[in-house]
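The values are calculated or read from the model by the stated rules, or taken from the named source; none is laboratory data. Predicted model, so just to flag it, every value in this text is computed and none were measured. A quick note on method: Cβ atoms are made from the backbone with ideal geometry, for glycine too, and the neighbour counts reach across all protein chains shown. For accessibility, only protein heavy atoms count, side chains too; no ligands or nucleic acids. Shrake-Rupley method; radii C 1.70, N 1.55, O 1.52, S 1.80 Å.
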Amino acid sequence: MIYLYAIAEELDGLPEVRGVDGAPLARRSVEGLDLVVSEHGSAELDASQEAVLAHARVVEGLVERSAALLPARFGRGFRDEEALREAIAGRVGSLREALAQVSGCVEIGVRVVAPEPAPPPAESGRAYMEARLARNDEAERLARELHEPLAALARAATRTVGATPRLLLSGAYLVEPGALDAFRRRVSELEAAHPELTFVTTGPWPPYSFAPGGDA
């Protein structure tokens, strides 16, 4: 199996780390795109914590060695070299567009959680449903209020709303390094304006959320 870690442009060598299961890293090229891979005898890899961390270490080591990087999701494997080349060659256009978008940027994650809401009135089924709908509308309004000023500071952004009743926002923001301080200040301002909410900011990360289809 050929295991894929990332697709890059202008790759300046491989990081001095081992891949999943201690496999050595290798470099392939498909229509001018650099692919970082390792070879494995098994068709499946164990999704252990160490394997996930090994994948992440490779990706992080590639960030400073490439002009643009699209990390592959963990477990992205191909039966052989031909299958790998066919898969990449069929997506060269969208991959080049995605590489142009992420070039020079990092990903910042922001999650915002609301406190446990009071139970809606239970006087009648209709009153209960109306209260639930009103609460959902208010949550969506607040999620937009939080997301839009952050997205305005990013080259691109994605958000997930309502994964749980309390999760108002789970956002990923593609930010240029020169805008990181302004982005963090904006998060702090939103946090100060909404002391009832819990904000969790993570990153900077490689741009995992901005590959075509969510992964390379």
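Annotations
- Here L69 passes the criteria (1) closer than 16 Å to L84 by Cβ; (2) aliphatic (A, V, I, L, M); (3) in contact (Cβ under 8 Å) with a residue 60 or more places away in the chain except the one numbered (1).
- The set of residues in the stretch 153-184 that are without any contact (Cβ under 8 Å) to a residue 12 or more places away in the chain and farther than 24 Å from L70 by Cβ comprises A163, T164, D181.
- Test: residue in the stretch 103-114 that is open to solvent by 70 Å² or more (accessible area, probe 1.4 Å), modelled with pLDDT of 90 or more and of a type outside the set (A, V, I, L, M): yes
- Residues that are under 17 Å from Y5 (Cα atoms) and either touching a Cys at 6+ places or on another chain (Cβ under 8 Å) or touching a residue at least 60 places away in the same chain (Cβ under 8 Å) (or both) within the stretch 79-95 comprise R79, D80, E81, A83, L84, I88, R91, V92, L95, listed in sequence order.
- Close Cβ contacts (under 9 Å, 6 or more residues apart or on different chains) running from residues in the stretch 21-43 that are at positive phi to residues that are of a type in the set (D, E) and crowded, with 16+ Cβ neighbours inside 10 Å comprise G32/E9.
- The stretch 155-184 - residue that is of a type in the set (G, A, S) and assigned to a helix (DSSP H, G or I) and, of those, most open to solvent (accessible area, probe 1.4 Å): G178
- Failed condition for S42, given (1) within 21 Å of P207 (Cα to Cα); (2) at pLDDT below 95: (1)
- Single match in G93, G75, G125 (criterion: at pLDDT below 95, of a type outside the set (S, T, Y) and at positive phi): G75
- Being in contact (Cβ under 8 Å) with a residue 60 or more places away in the chain, assigned to a helix (DSSP H, G or I) and either open to solvent by 50 Å² or more (accessible area, probe 1.4 Å) or of a type in the set (V, I, T) (or both) is a property that holds for V187.
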